[in-house]
1. Let's test the formula: R0 of 35 Å, r as the Cβ-Cβ distance of Glu123 and Glu77. What FRET efficiency results, to the nearest 0.05?
2. Lys and Arg at +1, Asp and Glu at -1: add these up for the other residues within a Cβ distance under 13 Å of Ala47 and post the number.
3. Looking at the range 1-45, which trypsin sites (Lys or Arg not before Pro) are in a loop (DSSP not H, G, I, E or B) and have at most 12 other Cβ atoms within 10 Å?
4. When only DSSP loop residues count, what chymotrypsin sites (Phe, Trp or Tyr not before Pro) in the range 60-150 have their Cβ near at most 15 other Cβ atoms within 10 Å?
5. So if I place +1 on the C-beta of Lys and Arg and -1 on the C-beta of Asp and Glu, and nothing else carries charge, what would the dipole magnitude of the range 1-155 be about its Cα centre? I want it in debye, nearest 20.
6. Please work out the Cα center distance from the range 32-69 to the range 75-109, rounded to the nearest Å.
7. Considering only the other residues whose Cβ falls under 9 Å of the Cβ of Ile146, what net charge follows from Lys and Arg at +1 and Asp and Glu at -1?
8. So which GluC sites (Glu not before Pro) in the range 117-159 pass both tests, a DSSP loop state and at most 14 other Cβ atoms within 10 Å of the Cβ?
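Every number here is computed from the coordinates shown, using simple stated rules; none is lab data. As the structure is a computational prediction, the values presented were derived from the model and not from experiment. Don't worry about glycine lacking a Cβ; one is built from the backbone with ideal geometry, like all the others, and counts go over all protein chains shown.
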Amino acid sequence: MEETKNRFMSVVYQLYSLKDGKSELEEQTGDDRPFEFITGFSVALDAFEEKVKGLEKGSDFDFELAPVQAFGEYVTEGVHKVSREVFTVNGHFDHDNIFEGAVITLMDNEDHQFMAKVVKIEEDGVTVDTNHPLAGKTLNFKGKVIENREATDEEIQHLIKHMTGGCGGCGGCGGDHEGCNHEGCDHEHHHHDDGCGCGCGHCH
């Protein structure tokens, strides 16, 4: 296949996580809603992109990505206890959005937004986990390439406009945020039921 810097790709797949000898279906797409992206913009995981960008239209794929190629190892430093005051609105704790299992938006000392999962709510604080939900897991992608062609200038410009409009992909969906502590962590009061928002529902 001719190598071009930016290719428009459309794929359907099933994503399984592998850990301790067990396989679990995490996500799947279908022909009615394939995953579409342009290579070279870090929309997909770099390792995922490398595996599929050279495949012809109609090709099947089945490959694994180690944690270091995907969302990294699970790190205990990604778990923080935050003051309940961060989640207080008009003197009242935000029970509607802050509950165990909720995925929320936080902001560190440098105004960087990132996602976190509420793990535990106690009188002296709220424990949140900023690790990606698939951190520490090997990923197995099984699927098919629906389209693989050179991206048009219009498609590239549309993507650039989308990315610079405040939706920066999955980079902020996990990790260790030093500013997320009693004094330096702000809550944006946005609750996400599915994934990390801004396209992070796709785990690639």
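1. Details: r = 24 Å, r/R0 = 0.69.
Calculated value: 0.90.
2. Taking every other residue near Ala47 into account, the sum is -2.
3. Working: sites: Lys5, Arg7, Lys19, Lys22; in loops: Lys5.
Qualifying residues, ordered by number: Lys5.
4. Values: sites: Phe61, Phe63, Phe71, Tyr74, Phe87, Phe93, Phe99, Phe114, Phe141; in loops: Phe71, Tyr74, Phe99.
The qualifying sites are Phe99.
5. Values: 16 positive and 34 negative charges, 91 e Å.
Here the range 1-155 has a charge dipole of around 440 debye.
6. Distance between centres, Cα-based: 34 Å.
7. Numbers: positive: Lys57, Lys144; negative: Asp31, Glu36, Glu147.
Taking every other residue near Ile146 into account, the sum is -1.
8. On the way: sites: Glu122, Glu123, Glu147, Glu150, Glu154, Glu155; in loops: Glu123.
In loop regions of the range 117-159 (DSSP not H, G, I, E or B), the sparsely surrounded GluC sites (Glu not before Pro) are Glu123.
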